[in-house]
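Since every read-out is calculated from the coordinates, none of them should be taken as a lab result. These numbers were taken from a predicted model, which means no experiment stands behind them. Quick reminder, even Gly has a Cβ in these numbers, built from the backbone with ideal geometry, and neighbours come from all protein chains shown.
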Amino acid sequence: MRYAIISDIHGNLPALQRVLVALDEEDVDCYLCLGDVVGYGASPNECCQRVRQSDAICVRGNHDAAVVQPRKEDWFNPEARACLLWTRQQLTPQNRQWLASLNSTAQIDDVLLCHGSIPDPDYYITTPQGAVFSFEAMATSLAFFGHTHYAEWYAYDGTEQLPSQHSHPDGGICRLEEGYQYLINPGAVGQPRDGNPQASFAVYDDERREVAIRRIDYDIPAAQQKMFAAGLPQSMALRLSLGI
C-alpha cells in the first residue's frame with residue numbers, strides 16, 4: 001500500500017490542488033489527513049470538499065475544532081482568531097457537520113494519526129523531550145502528526161535515551177528500521193513554517209518501509225490574492241512567501 005499524508009491545508013486551495021496533482025502521479029492507494037483543513041486561508045469550503053472527495057481518513061485539527069466549537073477561538077492570537085471567525089461564517093452546513101464529526105486520533109492498519117500529539121491534539125511536538133509523551137502512548141511503530149508546520153521526524157528505540165530528531169525542510173526519506181518507533185510530520189500543505197514556502201506532503205510505502213517527504217512549488221500569489229480579496233489579515237497572506 002502507498003499512503004498519501006497531508007496536513008495543515010488551512011484553506012489554501014492553490015496549494016492543495018497542486019499537492020493533489022502531484023499525489024495523482026505518485027499512484028497512492030489511500031489518503032490520510034492530519035487535520036487543520038481550514039483556518040487562515042480563503043477557501044475553506046473548497047478544501048473541505050477536496051479532502052472529502054478523496055475519501056481521506058482524517059483527524060480533527062485545532063483550527064477545525066475552533067470553527068465548530070464556540071469560544072474555542074479565544075485560545076488563538078488576534079489574527080488567527082479573525083481568520084477563524086471569518087471561516088465560521090463561510091462554512092456550509094455540510095462542511096461544518098463533517099468537521100464536527102472528526103475524531104482527534106485514527107488508526108489504519110498499523111499506522112496511527114493525530115494532529116498535535118497522541119495524548120493532546122493541541123500540543124506542539126517540537127523537541128525530543130516533547131515527543132516522548134506520544135511515544136509512550138503509541139501502540140504502533142509508526143504515527144503521523146502535524147500542527148507545527150515543520151517537515152521532520154523523530155525516531156525512538158525505547159531506551160532511556162531521548163528520541164532523535166531529524167528536520168527535513170527540503171524533503172527527505174525516512175527508512176523505517178526494526179526496533180524503532182517513528183513520529184513523522186509531513187509538513188504543511190497550506191502554510192509551511194520551516195523556512196521553505198513550498199507545499200509539503202509525504203508518501204508512505206508500507207512494502208518498502210519508507211516515508212518520503214516531498215516539497216513542491218505552487219501558485220503562492222494566487223493564494224495570497226484570495227486572502228486579500230476576502231479581507232483576511234494581510235500578515236497571514238504575506239508569510240506564505242517566506243515559509244514562516
- prompt: Of the conditions (1) touching a strand residue (DSSP E or B) at 6+ places or on another chain (Cβ under 7 Å); (2) buried (at least 16 other Cβ atoms within 10 Å of the Cβ); (3) not small (G, A, S), H166 fails just one. Which one is it?
  reply: (2)
Selection within the range 110-127 - touching a residue at least 40 places away in the same chain (Cβ under 8 Å) and over 19 Å from Q181 (Cβ atoms): P121, D122
- request: Determine, yes or no, whether G187 is surrounded by fewer than 16 Cβ atoms within 10 Å (Cβ to Cβ) and touching a residue at least 40 places away in the same chain (Cβ under 8 Å).
  value: no
- prompt: In this structure, is T140 β-branched (V, I, T) and free of Cβ contacts under 8 Å to residues at least 24 places away in the same chain?
  reply: no
task: Select, from A188, A139, A143, the only residue that is part of a loop (DSSP other than H, G, I, E, B) and closer than 19 Å to G35 by Cβ.
output: A188
- prompt: Taking the stated definitions as given, is D219 in contact with a helix residue (DSSP H, G or I) (Cβ under 6 Å, 6 or more places away or on another chain), surrounded by fewer than 17 Cβ atoms within 10 Å (Cβ to Cβ) and more than 17 Å from D8 (Cβ to Cβ)?
  reply: yes
Criterion violated by S117 - all others in (1) out of contact with any strand residue (DSSP E or B) (no Cβ under 7 Å at 6 or more places or on another chain); (2) under 30 Å from A230 (Cβ atoms) satisfied: (2)
field: Among the candidates P163, P169, residue that is closer than 21 Å to D122 by Cα and not acidic (D, E)
entry: P163
- prompt: Got a sec? Which of Q97, Q107 is surrounded by fewer than 18 Cβ atoms within 10 Å (Cβ to Cβ), closer than 24 Å to V38 by Cα, in contact (Cβ under 8 Å) with a residue 12 or more places away in the chain and not hydrophobic (A, V, I, L, M, F, W, C)?
  reply: Q107
